[in-house]
Amino acid sequence: MANILFYIALFLIWIMLLYHMFLMQGGYLHFKTFERVIPEWEKKMVDLPTVSVFIPAHNEEVVIGQTLQAMSRLHYPKEKLEVIVINDNSSDRTGEIARQFSERYSFIRVLETEPPNKGKGKSSALNEALRKSSSEVIVVYDADNTPEKMSVWYLVMGLVNDPKAAAVVGKFRVINAAKTWLTRFINIETICFQWMAQGGRFKWFKVATIPGTNFAIRRSIVEELGGWDVKALAEDTELTIRVYNKGYHIRFFPKAITWEQEPETLKVWWKQRTRWARGNQYVVLKFLGQFFKLKRKSIIFDLFYFFFTYFLFFFGVILSNTLFIINLFYDLNLSIGNVALALWILAFLLFLAEVMITLSIEKAEMNRTNFFYVILMYFTYSQMWIVLVVYSLFLEMKRVLFKQEVKWYKTERFEQKDKGEKK
Amino acid sequence: MGRFLNTNKQTLLLITILILLLQIPSYFMWDYEREGILLYIFLILLIIVSLILGTVTGLIFSLIFIFIIGSALIYFNYTDSAIANSFTMPIQLFLVYGLMLIVLVLIGGRLQEVIIAREKLNQRLQEEVRNFIAVDVETGFDNNYRMGITITEEMMRVDRYGKSFTLILLQIDHLKDFNRLYGAKETKHLLQGLAQTMDKAMRLTDKKFRYDTDRFAILLTETGGDSIDLVIDKLASKIKTHQLLSGKYVTLTFRTGYFVYEPKLDTSYEEIISRVESEMVSHEL
């Protein structure tokens, strides 16, 4: 029995590694080809749509100034652009700082949330702005983001040239990557997520997930879908599934780049990632339960990815680790012997090679320092995720069983220096 | 220059590290007979791939190789095959082998990048030198490269501001034979003499070029086609007789042609040269 379970666990892990290899190839190919359309696409950028940039902000005084400074530098006709800072129940100087910018720049305005959308989290804040704006395209940025000058231009370019795309998502990079060992790990993780999960899935399956920031979506689609789901902790993933289910697709266009701040301490990281994990688990369970009602069965690729990542893969890792540890104390008659260790080593080497290939896509990220961080990451950061997924699953089950209300955790920010336009 | 030398040092350092690190797996692998030799051969092949095709390709092939080994191990172990039992290499050594594989592929790829970058730097420096030296050493006239730029600019100027210019091409007949008969020194003296005579015969504003071994061009700015034949005849009469260093006189023959460029003509620099050269007339005097 132990042998069978061990083989099942190995099989799940090995399949996931193969899938990631496949995604990594796709991501690399996408990197090599995605810019070729731009000269042709530029020709259609004449009759531009009106754009509203939503920036939900709750107690963001540390970062909002820098963010709005970046917004003031956006390359887009100012008569067709408005930047709306959605000041959601802030008790700090967020509103004051935002109003200073709105006095200086006519296209920036501040919107105070009102009941019933007040203080209820990001989804509610976005819905509030949706009601009080009228542009054709909505772009969303988190309050800690500093988008590059051309990011909104490229997001809109994707929508203008791909009429079947409901949304276009860009790429995000870590502005404080060199700050701590944790932010270095997160930097590597985000690069892998962008190019493997987003780029790879888009290349092979024409599927991408809205990442919550640096994306543009057609207003008509958001209104058709009834806005953002206020019960979802991962409102971006939840919106993605509904967009696909309506028959549209989401384009991954990494030419649009934003720089965002990542947690610098473990405590903040834990809370943020627990929210994400719970949010994604909620989405997977919600839509898998409705699988037969889904109009676009191809969305199963997206659901499959999250299901596999959050359930099967981690289940496989936990199971194999558990059996391995038990076998140290009690002979389970595991027949796999040394081969299991060899496979463990091979899995580590696959991880190392895949991540190094993905890092080569971003200039200067494939270097000696990151090589050693990737090795360290396998034994630390990646293992932390296992614990986090189990913990978030426990919290999610508790919420469902005891019918608890979802509480939005606001990620704490850290002081950053404005580095201006990043290349 | 500093950058060039640093690139050389970096290349040599990477080659040294690669060769030294290759000794580590070779020292241990030979003890494991068939499986050790096989793994070592694959290691060499993957390094060669990264040296030729770069880091990413090397890593992709390494990835496929690692995955195949792992899948084979799972399969043979699951089917209880004898092959699985013949895997005798210690786990620690296997881990070292795997890490060395990735590290050596990365070094091989880095070496390839450095060599390619050096090649590109060489090409760029050569291009800069070509741009910098635009003068023909023997005559002091601008060379072919500068001629193309100057005439193209003049065409654009005429298109924008009007007027016209005339381009005269002149080819010395039998220059190779002259060189064979009289030697390199006399040939150099001939070319220098021709250049001096052309300089004196033409206006200061006329631009002179030597665009091939035996070919000259004269750009007459703000000049139409009227009386160009007289200009050419006058030039030819001045240069037809040449005194050698030995004191002897020789008669030279030339072929000439000309083109009058007027505003908004639908032609290119290359087409002008090609057309004039094909219409050249001999001036045997």
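Read-outs: derived from the displayed coordinates by stated rules, not from any lab. Bear in mind the structure is a predicted one, so any value in this text is a computation, not a measurement. So basically every Cβ, Gly included, is an ideal-geometry build from the backbone, and we count neighbours across all protein chains shown.
Here are some notes:
- Taking amide H atoms as placed 1.01 Å from N in the peptide plane, the amide H of residue A:365 has no partner under 5 Å among residues 5 or more positions away or on other chains.
- Residue B:34-residue B:251 pseudo-label distance in nm [points 7 Å out on the Cα-to-Cβ vector]: 9.0 nm
- Peptide-level mean, for B:103-111, of C-beta atoms on other protein chains within 10 Å: 2
- Mean Cβ neighbour count within 10 Å, used as a protection proxy, ranking A:195-205, A:258-268 highest first: A:195-205, A:258-268
- Efficiency of FRET between residue A:149 and residue B:185 - r from beta-carbon atoms, R0 45 angstrom, step 0.05: 0.10
- Converting phi to 3J(HN,Hα) with the Karplus coefficients 6.51, -1.76 and 1.60 and the offset θ = phi - 60°, segment A:113-120 yields 6, 10, x, x, 8, 7, x, 9 Hz in sequence order, with x at every glycine or proline.
- Estimated vicinal HN-Hα couplings, Hz - segment B:99-114 in sequence order (Karplus 6.51, -1.76, 1.60; Gly, Pro = x): 5, 4, 4, 5, 4, 5, 5, 5, 5, x, x, 5, 4, 4, 4, 5
- Take the Cβ atoms of residue B:23 and residue A:40, set R0 to 45 Å, and the FRET efficiency comes out at 0.30.
- Extending 7 Å from the Cα toward the beta-carbon at both residue A:231 and residue A:382 defines two label points whose distance is 3.6 nm.
- Less than 5 angstrom separates the built amide H of residue A:259 from those of A:146, A:148, A:173, all sequence-distant by 5 or more or on a different chain.
- For chain B, the dipole from Cβ point charges (+1 on Lys and Arg, -1 on Asp and Glu) about the Cα centre works out to 860 debye, to the nearest 20.
- Taking each of B:208/B:240; A:122/A:286; A:179/B:9; A:179/A:286; A:132/A:206 in turn, the alpha-carbon distance tops 30 angstrom for A:179/B:9; A:179/A:286; A:132/A:206.
- Note on residue B:229 and residue A:15: their simple-model spin labels are 9.1 nm apart, each label 7 Å out from Cα toward Cβ.
- Taking the C-alpha atoms of segment B:133-220, convex hull volume expressed per residue in Å³: 91 Å³
- Under-5 Å amide H pairs with residue B:223, H placed in peptide plane, nonlocal only: B:164, B:165, B:166
- Contour excess over end-to-end distance, with Cα ends at residue B:124 and residue B:212 and 0.36 nm allotted per residue: 29.3 nm
- Between residue B:159 and residue B:278, residue separation times 0.36 nm minus the direct Cα-Cα distance comes to 40.3 nm.
- Three-way shape label, the protein assembly as shown, alpha-carbon gyration tensor, a/c 1.5: oblate
- Segment A:221-280: C-alpha gyration tensor shape, a/c 1.5 cut-off, then a/b vs b/c: oblate
- A protection proxy built from the mean count of other Cβ atoms within 10 Å ranks the segments A:271-279, A:59-67, most packed first, as A:59-67, A:271-279.
- Equivalent ellipsoid, segment B:151-201 (semi-axes from 5 times Cα gyration tensor eigenvalues, Å): 34, 12, 8
- Entries of B:207/B:264; A:32/A:164; A:203/A:267 with Cα pairs more than 29 Å apart: A:203/A:267
- Taking segment A:45-74 and a reference point 7 angstrom along Cα→Cβ of residue A:104, the backbone N atoms nearer than 15 Å belong to A:63-74.
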